[in-house]
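Worksheet: the structure to be examined is printed underneath.
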């Protein structure tokens, strides 16, 4: 069993926030792979289905971001999921908009959702880091992530979520670098240069 977790804050007021791009990506995956219906479970909403040839649980924690680990831990313990089979989709201040990188483990770069997950289940899960850009001053970060994406950002955000959904089967197969490269090439082809590059 795979676990795909989208990070975000629950509730209408946060739906279009930069901090919620993880929710958006996982919802796009569910839609693309005809996985439905979402049900209340694991302190959030979840849905089970097939991605490629693999069974997957998609989870959107219903706790606020800094408590995301509670929902993840509940699902992990229920299904006895290995850390290597967990993929967390989240916003990344340290990547420019429309860039994406995949990594396993490492630091949490001040991301409260990741910090909570690591505290509950350990650190060696996979992360899909979706760049949202940086406001330029570290002190402005908290406010910046809780702002809605600007109207002008809508096209790349929608395209990024679509491209992630198109290629989610590669993540299911554990082909993280191939997934990253495909996203990079697709974003370039659609005029949103960026995508992924090397650390």
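The values are calculated or read from the model by the stated rules, or taken from the named source; none is laboratory data. Computed from a prediction, not measured in an experiment: that's the story for all the values here. Glycine also receives a Cβ, built like all others from the backbone with ideal geometry; neighbour counts cover every protein chain displayed.
Side notes on the structure shown:
- Restricting the range 171-191 to residues that are without any contact (Cβ under 8 Å) to a residue 60 or more places away in the chain and not in a loop (DSSP other than H, G, I, E, B), the residue that is nearest to residue 55 (Cα to Cα): 178
- For the condition part of a strand (DSSP E or B), at pLDDT 95 or above and buried (at least 16 other Cβ atoms within 10 Å of the Cβ), residue 127 qualifies.
- Residues in the range 55-73 that are surrounded by fewer than 15 Cβ atoms within 10 Å (Cβ to Cβ) and either within 30 Å of residue 133 (Cα to Cα) or at pLDDT below 95 (or both): 66 alone.
- Taken as a whole, the range 132-141 holds no residue that is loosely packed, with under 14 Cβ neighbours inside 10 Å and either touching a strand residue (DSSP E or B) at 6+ places or on another chain (Cβ under 8 Å) or closer than 17 Å to residue 16 by Cα (or both).
- The residues of the range 54-75 that are in contact with a helix residue (DSSP H, G or I) (Cβ under 8 Å, 6 or more places away or on another chain) and either at positive phi or not in a strand (DSSP E or B) (or both), listed by number, are 62, 63, 65, 66, 67, 68, 69, 70, 72, 73.
- There is at least one residue in the range 18-36 that is at pLDDT below 95 and farther than 13 Å from residue 165 by Cα.
- Any hit, the range 29-42, residues being buried (at least 21 other Cβ atoms within 10 Å of the Cβ) and either part of a strand (DSSP E or B) or free of Cβ contacts under 8 Å to residues at least 12 places away in the same chain (or both): no
- From 152, 116, residue being free of Cβ contacts under 8 Å to residues at least 60 places away in the same chain, surrounded by 21 or more Cβ atoms within 10 Å (Cβ to Cβ) and out of contact with any strand residue (DSSP E or B) (no Cβ under 8 Å at 6 or more places or on another chain): 116
- Selection status of residue 33, in contact with a strand residue (DSSP E or B) (Cβ under 7 Å, 6 or more places away or on another chain) and closer than 27 Å to residue 142 by Cα: no
- Residues (in a strand (DSSP E or B) and crowded, with 19+ Cβ neighbours inside 10 Å) located in the range 83-113: 86, 87, 88, 89, 90, 91, 92, 99, 100, 101, 102
- Among the residues of the range 65-88, those that are within 16 Å of the chain's Cα centre (by Cα) and within 11 Å of residue 3 (Cα to Cα) comprise 72, 83, 84, 85, 86, 87, 88.
- Condition met for residue 10 (over 16 Å from the mean Cα position of the chain (by Cα), in a loop (DSSP other than H, G, I, E, B) and over 22 Å from residue 167 (Cβ atoms)): no
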